[in-house]
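Q: After the structure tokens below, expect a handful of questions from me.
The values are calculated or read from the model by the stated rules, or taken from the named source; none is laboratory data. Because the structure is a prediction, the values reported are computed rather than measured. FYI the Cβ positions are ideal-geometry reconstructions off the backbone, even for glycines, and counts take in every protein chain you see.
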Amino acid sequence: MSGREFQSLYYTDCRPGQGLRGGAGFQFQAVTPGTTDEMMTAVQRSALYEAPVGWMREKREASDYPPSLVHVHGAVYATARGIYLGAETGGVREGNQFTHALATADPHLYGPIRPAQLWGARWWVEEPAETTECEEVPAEPEAGPLGVEALRDWVLGQQDGASWLLAVHSAMDRVHDEGAPRLVFVSEDAETAVRWIAAGTLLLPQERALRVGFRVFATNPQYSGHEVLAVHPDWAGSLADPDRNSDYAVFNLVSSEHRKVEPTAAARHWVPRFLGADPYDVVDAIELSHQFARGRNGKPPIAADRLAAGVLMLDETVSGQDSALALAEWLVAPPSVSATDVVEPVLDAVLAASPGLPVLARLAETNTAQAGRVRIALLRAEIDEIVRGTPAAAPPPLAPRPWTPDEAEETCALVEAAAGAVAPERMDLLLRTATRFDVRPRVGRFGEAAGRFVEWWAEHPHAGFDPARWTCGPEITDLLRDALTRRLTGPNSIVVGEAINDRWWRLLAPTLSDPFMPLDAAIAAAAVAAGGTARQETIGRFREQLRAPDRPGTGEAVWEALFRNSAPTLAEVKDFLTALPATAVSDSLAQKAFAALEKSKVSGHYLDVLRMLGHHIGDRENLRKLWEEDSRLRSWLSTFTRKGAETDAGALKDVSEEVFTARADQIIAALIGAAPQATLDATEQGGEQLQKMLVHALPAVWNDEQAEPSRRDQAVVLAFLTAWHDTTSEEVRKVFDKALERWAGKQKQSDYRRISKLLRGVAAEDAAAWHEWLQEYSQQKPKPTRTRELARRLFRRREK
């Protein structure tokens, strides 16, 4: 044996020494070498011929008994044919029979043959072997008269054959579902029942067909575990009535009645094709659909599996958008099959069906050799919808995919041609679609259409278009600028200017380049007036031109472009003048800057601007006085930073508190960063105006939680030393005392100790004074008394 054969088993009533057991009686008379006990058990339990007891009592002729055909499945697959022999060997008692069974553990040995097709095969044996060994049956055994085409023709010849096959196959298709009824055929002859079983199982994939067990005939259906049974009318009893049995789907072939069976999707699909097309191709298509489904975790075939198999095996066309969409979904995640042999032909069939947008959109997600062709078809379909004016739905995103040079040319031509036909209000949709497909249309190829579009767009500033979403956005934006430039100098310039202020500046601010151009100047003014980051970015765009002005009047042009609609802040004026070379600050610019100063309070930026305008102050006495005081203060700060205590701060006594306050940040930074003694000397020489500034500035430093801790501690030290200095006025001392009390009320002992350590670095007596102040603060003496006593003791120590 080659291992590709069925085991044969003969079972009958044996004479002594004739069977495997050696004795007389019913037993296996002969088996093929290699037959297992498991095979013999399966055959003996479920596949032997069953003789009807009633007929045996009537002593009917053996020729009246029909042959049987039985199929069982499990660990062993067995198909058996039995015949009735009449009296037992050596006696007169009825009941002898002969069963020839073939068995295997490998279902593939059946090949494409369904077990019911083995009815009437010529190789069935009807008599015992000469020995206890018998011949095997080759794999893919020869079928009997129930070939595929013969069965198809037979069904077509039956009354209502198509509807009966639809019902029979549907019942078989769901026979393994939970709660599904078994099938019973009531028939006067076995072959008719076998033919329906064969036809029904032909429309199942072979793997499932082999797991449909059947018995023809069954004398005791209730004791049979087979999924399909056939019974003779003589012993059918109540089973003959299709409406009286809920446990069985009864097909009475005598009365031509059957239980109503809801057709399955597979039956609706395959039965008409089996009866109307080449039945062999249909059986192959069924098998192929099962292979597709097996690649998806063994689930039953879906509609798309059947459709794809029909395309491949039956050369079917795709009919209807529902079928096309089902196949598109199938192609997005196809089974593990050859792309060339399966996927590409199915894709061809779908595309040949002129699919709609939903189908093409799904097909665009496939990864096949025809992906470019699919995307071009989708692009064409979407463009057609846009040109027709169909309401646009949000399309799904497309995964990036490069075009070949030929594809790129074809897609560009599609978009460019559509641009000439699309309504202006839908041009945005067309160009966004081009971007979605990574198509880069050439504006020069549809210049006339682009011109019409921008003229329409210029009249509809609130259309909401964003050129950043177009691959040709820069070119279209240039055309829009040209259109707005013409309109800005035309009779409707006021309306255009309002539109620029309201909308266009947001779109066109990134294109600014020339402050001398009326359009750029209008855009810049609107963007600056809007404030926020738009203001900052717009001012920054012209900064480089100020640093190196190429044309006379650049400064004036930039100022006018930026600040015609909104006055500049002092910080912006400062930055403007800083960027502009000193020689480029004209009198007209200076006058604009002075106008900004007139509307502002004196601050650091104010004084910085004033410093840069020194040559233009003229007879403005108040500004000249501020300029001179600031000059002395800045000179002192520069010297103090370099020399510290050697600086003569006497010149500061003429500086106003206004200037001190404006330069508070620089002064504080210089004082905190210097040696304590130099700081004390500076505060003494600077006079009361400087001290009044410190009264407000130092608490701001130590209350600033964002400042460095060391800087905050230095501010407390400087405040304490200044407050108790000999030359400090009583008014300043009182204000400092209150501020220090507020500081102390929020701190812990560890904070006090840090200040004490810093003061010891200045002088021991300063640290002692700090401790005395803290002690008196904690005792809550009246403030005037405490202040005078502490100052007296501190002054006395310094005098010694």
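Q: With the checklist (1) among the polar types (S, T, N, Q); (2) at pLDDT below 95; (3) closer than 24 Å to Arg195 by Cβ; (4) buried (at least 18 other Cβ atoms within 10 Å of the Cβ) in hand, flag the one item Asn96 doesn't pass.
A: Here Asn96 clears every test but (3).
Q: Check segment 635-658 and report whether any residue there is in a helix (DSSP H, G or I), on the phi > 0 side of the Ramachandran plot and surrounded by fewer than 20 Cβ atoms within 10 Å (Cβ to Cβ).
A: Looking for residues that are in a helix (DSSP H, G or I), on the phi > 0 side of the Ramachandran plot and surrounded by fewer than 20 Cβ atoms within 10 Å (Cβ to Cβ), one finds at least one in segment 635-658, hence yes.
Q: If only one of Val175, Val184, Val216 is out of contact with any Cys (no Cβ under 6 Å at 6 or more places or on another chain) and within 24 Å of Ala285 (Cβ to Cβ), which one is it?
A: Val175 is the lone residue from the list that is out of contact with any Cys (no Cβ under 6 Å at 6 or more places or on another chain) and within 24 Å of Ala285 (Cβ to Cβ).
Q: Restrict the check to segment 272-294 and report whether at least one residue is more than 30 Å from Trp196 (Cβ to Cβ) and outside the structural domain of Leu165 (by TED's automatic domain parsing).
A: No, there is no match, as no residue in segment 272-294 is more than 30 Å from Trp196 (Cβ to Cβ) and outside the structural domain of Leu165 (by TED's automatic domain parsing).
Q: Further, regarding this structure: Considering only residues that are touching a Phe, Trp or Tyr at 6+ places or on another chain (Cβ under 8 Å) and among the small types (Gly, Ala, Ser), look in segment 698-748 and name the one that is nearest to Gln775 (Cα to Cα).
A: Ala744
Q: Of all residues in segment 659-687, which are part of a helix (DSSP H, G or I) and within 60 Å of the chain's Cα centre (by Cα)?
A: Thr661, Ala662, Ala664, Asp665, Gln666, Ile667, Ile668, Ala669, Ala670, Leu671, Ile672, Gly673
Q: Is at least one residue of segment 312-333 more than 27 Å from Phe437 (Cα to Cα), among the aliphatic types (A, V, I, L, M) and surrounded by fewer than 18 Cβ atoms within 10 Å (Cβ to Cβ)?
A: yes
Q: Another one. Pairs only if they're at least six apart or on different chains, beta carbon under 9 angstrom, first in segment 140-159 and of a type in the set (Lys, Arg), second surrounded by 21 or more Cβ atoms within 10 Å (Cβ to Cβ); list them, first residue then second.
A: Going by the 9 Å Cβ cut-off, the qualifying pairs are Arg152/Ala199; Arg152/Leu202; Arg152/Phe274; Arg152/Pro279; Arg152/Val282.
Q: Anything in segment 111-146 that is crowded, with 18+ Cβ neighbours inside 10 Å and outside any loop (DSSP other than H, G, I, E, B)? List them, or say none.
A: Selection gives Pro115, Ala116, Gln117, Leu118, Val137.
Q: Sort through Leu546, Leu597, Leu570 and tell me the only one that's without any contact (Cβ under 8 Å) to a residue 60 or more places away in the chain and not assigned by TED's automatic domain parsing to the domain that holds Phe516.
A: Answer to the selection: Leu597.
Q: Based on this model, can you work out whether Arg81 counts as in the same structural domain as Ala193 (by TED's automatic domain parsing) and of a type in the set (Lys, Arg)?
A: Here the answer is no, as Arg81 does not meet what is asked.
Q: Which of the residues that make up segment 346-357 are surrounded by 16 or more Cβ atoms within 10 Å (Cβ to Cβ) and part of a helix (DSSP H, G or I)?
A: Within segment 346-357, Val346, Leu347, Ala349, Val350, Leu351, Leu357 meet the criteria.
Q: Tell me, please, whether a residue that is in contact (Cβ under 8 Å) with a residue 12 or more places away in the chain, closer than 20 Å to Val228 by Cβ, among the β-branched types (Val, Ile, Thr) and not in a strand (DSSP E or B) can be found in segment 91-110.
A: no
Q: When you go through Leu327, Leu360 one by one, which is the residue that is within 26 Å of Ala418 (Cα to Cα), among the hydrophobic types (A, V, I, L, M, F, W, C), outside the structural domain of Leu430 (by TED's automatic domain parsing) and within 27 Å of the chain's Cα centre (by Cα)?
A: Leu360
Listed here are the residues, each with its yes/no results for (1) outside any loop (DSSP other than H, G, I, E, B); (2) of a type outside the set (Gly, Ala, Ser); (3) not assigned by TED's automatic domain parsing to the domain that holds Ser513.
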| site | (1), (2), (3) |
| --- | --- |
| Asp384 | yes, yes, yes |
| Val387 | yes, yes, yes |
| Pro391 | no, yes, yes |
| Ala413 | yes, no, no |
| Glu425 | yes, yes, no |
| Thr435 | yes, yes, no |
| Ala468 | yes, no, no |
| Leu479 | yes, yes, no |
| Ala483 | yes, no, no |
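Q: Can you tell me which of Glu537, Glu498 is without any contact (Cβ under 8 Å) to a residue 12 or more places away in the chain, among the charged types (D, E, K, R) and part of a helix (DSSP H, G or I)?
A: Glu498
Q: Continuing with the same structure: Given segment 688-760, what helices (runs of 4 or more DSSP H) lie entirely inside it while holding 3 or more residues that are closer than 28 Å to Ser656 by Cα?
A: 709-723, 730-745
Q: Can you tell which of Glu149, Glu178 is within 22 Å of Arg208 (Cα to Cα), touching a Phe, Trp or Tyr at 6+ places or on another chain (Cβ under 8 Å) and surrounded by fewer than 16 Cβ atoms within 10 Å (Cβ to Cβ)?
A: After applying the criteria, what remains is Glu149.
Q: Regarding segment 496-515, can at least one residue be identified that is in contact with a Lys or Arg (Cβ under 6 Å, 6 or more places away or on another chain) and closer than 23 Å to Gly540 by Cα?
A: Checking segment 496-515: at least one residue is in contact with a Lys or Arg (Cβ under 6 Å, 6 or more places away or on another chain) and closer than 23 Å to Gly540 by Cα.
Q: If we keep just the residues of segment 253-268 that are out of contact with any Pro (no Cβ under 6 Å at 6 or more places or on another chain) and surrounded by 15 or more Cβ atoms within 10 Å (Cβ to Cβ), which is nearest to Arg174 (Cα to Cα)?
A: Looking at the filtered set, the residue picked out is Thr264.
Q: Taking the stated definitions as given, is Gly687 in contact with a Lys or Arg (Cβ under 7 Å, 6 or more places away or on another chain), assigned by TED's automatic domain parsing to the domain that holds Thr722 and farther than 26 Å from Ala596 by Cα?
A: yes
Q: Test Trp743 against the criterion of being modelled with pLDDT of 85 or more, surrounded by 15 or more Cβ atoms within 10 Å (Cβ to Cβ) and in the same structural domain as Asp681 (by TED's automatic domain parsing), and give yes or no.
A: yes
Q: Within segment 603-622, can one find any residue that is in a loop (DSSP other than H, G, I, E, B), in contact (Cβ under 8 Å) with a residue 60 or more places away in the chain and under 25 Å from Ala590 (Cα atoms)?
A: For segment 603-622, residues in a loop (DSSP other than H, G, I, E, B), in contact (Cβ under 8 Å) with a residue 60 or more places away in the chain and under 25 Å from Ala590 (Cα atoms): absent.
Q: Just one of the numbered conditions (1) in contact with a helix residue (DSSP H, G or I) (Cβ under 7 Å, 6 or more places away or on another chain); (2) farther than 25 Å from Arg432 by Cα; (3) of a type outside the set (Gly, Ala, Ser) is not true of Asp348; which one?
A: (1)
Q: Among the residues of segment 189-200, is any in a loop (DSSP other than H, G, I, E, B) and crowded, with 23+ Cβ neighbours inside 10 Å?
A: No - not one qualifying residue is present in segment 189-200.
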